[in-house]
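Trainee: Attaching a single structure in structure tokens format; questions to follow.
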Amino acid sequence: MTDLIPMGALGTPDPARASHGALTLTENTALMLISVATRPGTPAPHPLGLHLPGPGLWSQGQGAAAFWTGPGQWMIETDVPDHAERLRDAIRSAPGARLTDQSDGWVCVEVTSDAGPAPIRALLERLVNLSPDQVAPGHATRTLLHHLGCIVIRRAEDHLAVLAPRSAAGSLWHLLRETASRQVPAATA
Amino acid sequence: MLIPHPLLGLRDAQEFTYLGDAALLNRPDPAAGEAGFADYVYLRDNPAGVHRELWFHEQGDRSWLVVTRNTLTHEILGAELARDVKLGGTA
């Protein structure tokens, strides 16, 4: 067998990482994504008790989280391989539900702040054309960042995650680093 | 321009693509014949004023909306899910 070297979406063997002022950007290479879709009229499934939230929302459960991507459609995130397998089985047995594995299709960058929510809010002001309540903690939405279709998840007051198509990993990393580095004076002032 | 998405609230028009007259939802019966389909495919009203249009939330949840817009003032008077319009709100 050929020896293959696992690497992140940015071509680095370890998850890419950068710090700008109070903000730290880290590539999340462990994240597995499962897309769930239901037929119209089918109630939302609860795989392993995970709540699938309503429009624009993100919800955290035991070992997994989920966000809404469209009518009757959600994305489930987990970083535990065994749990992903159990979730897939649970979705397969839910009536009217279909799943597709999307883990390899996306790159995820986690943005955390060690100075409270202000630097994250300032970053969002520069990045997305959405009102603060649409990117409040517990919200997730698909939108445009620098003309790139991304999913923006506000995991907590001081924690943001951005998902972009994996082939655009370099563009996402560039735009996040540029934007974070330009706000360093404002964030530290 | 902000479009009031019925599920996601006010969203930037940049996230949408525009298709045109919402009359496209009313596809004629296959038995309508060539004349009926020629009208459906080629003829559009071009009103100066209130117009119902199809917009696609391409960079969002990918739903089709029927947006009522005043073509003179660009005022948006409402937006509904095209699926609800087509299926009579039963979906």
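The values are calculated or read from the model by the stated rules, or taken from the named source; none is laboratory data. Treat the numbers as computed from the prediction; the structure is a model and nothing was measured. Note that we place each Cβ from the backbone using ideal geometry, even for glycine, and neighbour counts take in every protein chain shown.
Trainee: So, in region A:40-58, exactly how many residues are on the phi < 0 side of the Ramachandran plot and touching a His at 6+ places or on another chain (Cβ under 9 Å)?
Mentor: Residues of region A:40-58 that are on the phi < 0 side of the Ramachandran plot, as a first pass: A:40, A:42-47, A:50-55, A:57-58.
Of the ones still in play, those that are also touching a His at 6+ places or on another chain (Cβ under 9 Å) are A:44, A:52, A:55, A:57-58.
Residues that pass the stated criteria total 5.
Trainee: Just need a number here: residues in region A:94-122 that are among the hydroxyl-bearing types (Ser, Thr, Tyr), closer than 22 Å to A:HIS139 by Cα and touching a Ser or Thr at 6+ places or on another chain (Cβ under 6 Å).
Mentor: Restricting attention to region A:94-122, the residues satisfying the condition of being among the hydroxyl-bearing types (Ser, Thr, Tyr) are A:100, A:103, A:112-113.
Applying the additional criterion that residues be closer than 22 Å to A:HIS139 by Cα yields A:103, A:112-113.
If we keep only those that are touching a Ser or Thr at 6+ places or on another chain (Cβ under 6 Å) too, we end up with A:112.
Total satisfying the criteria: 1.
Trainee: The conditions are (1) closer than 23 Å to B:ALA13 by Cα; (2) in a loop (DSSP other than H, G, I, E, B); (3) of a type outside the set (Asp, Glu), and A:ARG121 fails exactly one of them. Which is it?
Mentor: Result: A:ARG121 fails condition (2) only.
Trainee: Separate question: Which of the residues spanning region A:159-189 are at pLDDT 95 or above and in a loop (DSSP other than H, G, I, E, B)?
Mentor: Within region A:159-189, none qualify.
Trainee: Further question: Name the single residue that is farthest from A:GLY49 (Cα to Cα) among those in region A:68-105 being buried (at least 18 other Cβ atoms within 10 Å of the Cβ) and either in the same structural domain as A:ILE151 (by TED's automatic domain parsing) or β-branched (Val, Ile, Thr) (or both).
Mentor: A:THR69
Trainee: How many residues, within region A:129-158, are of a type in the set (D, E, K, R) and assigned to a loop (DSSP other than H, G, I, E, B)? Break it down stepwise before answering.
Mentor: Looking only at region A:129-158, we keep the residues that are of a type in the set (D, E, K, R), and these are A:133, A:142, A:154-155, A:157-158.
Checking which are assigned to a loop (DSSP other than H, G, I, E, B) leaves us with A:157-158.
Going through region A:129-158 one residue at a time, the tally reaches 2.
Trainee: Pick from region B:47-65 the residues that are more than 12 Å from B:TYR18 (Cβ to Cβ) and under 14 Å from the mean Cα position of the chain (by Cα): which of them is surrounded by the most Cβ atoms within 10 Å (Cβ to Cβ)?
Mentor: So the residue we want is B:SER63.
Trainee: Does A:LEU33 qualify as being crowded, with 18+ Cβ neighbours inside 10 Å, touching a helix residue (DSSP H, G or I) at 6+ places or on another chain (Cβ under 6 Å), part of a strand (DSSP E or B) and not charged (D, E, K, R)? Give the derivation first.
Mentor: Values: crowded, with 18+ Cβ neighbours inside 10 Å: yes; touching a helix residue (DSSP H, G or I) at 6+ places or on another chain (Cβ under 6 Å): yes; part of a strand (DSSP E or B): yes; not charged (D, E, K, R): yes.
Yes, satisfied.
Trainee: Additional query: Take A:GLY61 and tell me if it is touching a Gly at 6+ places or on another chain (Cβ under 8 Å), at positive phi and not assigned by TED's automatic domain parsing to the domain that holds A:ALA118. First the steps, then the outcome.
Mentor: Values: touching a Gly at 6+ places or on another chain (Cβ under 8 Å): yes; at positive phi: no; not assigned by TED's automatic domain parsing to the domain that holds A:ALA118: yes.
Criteria not met by A:GLY61.
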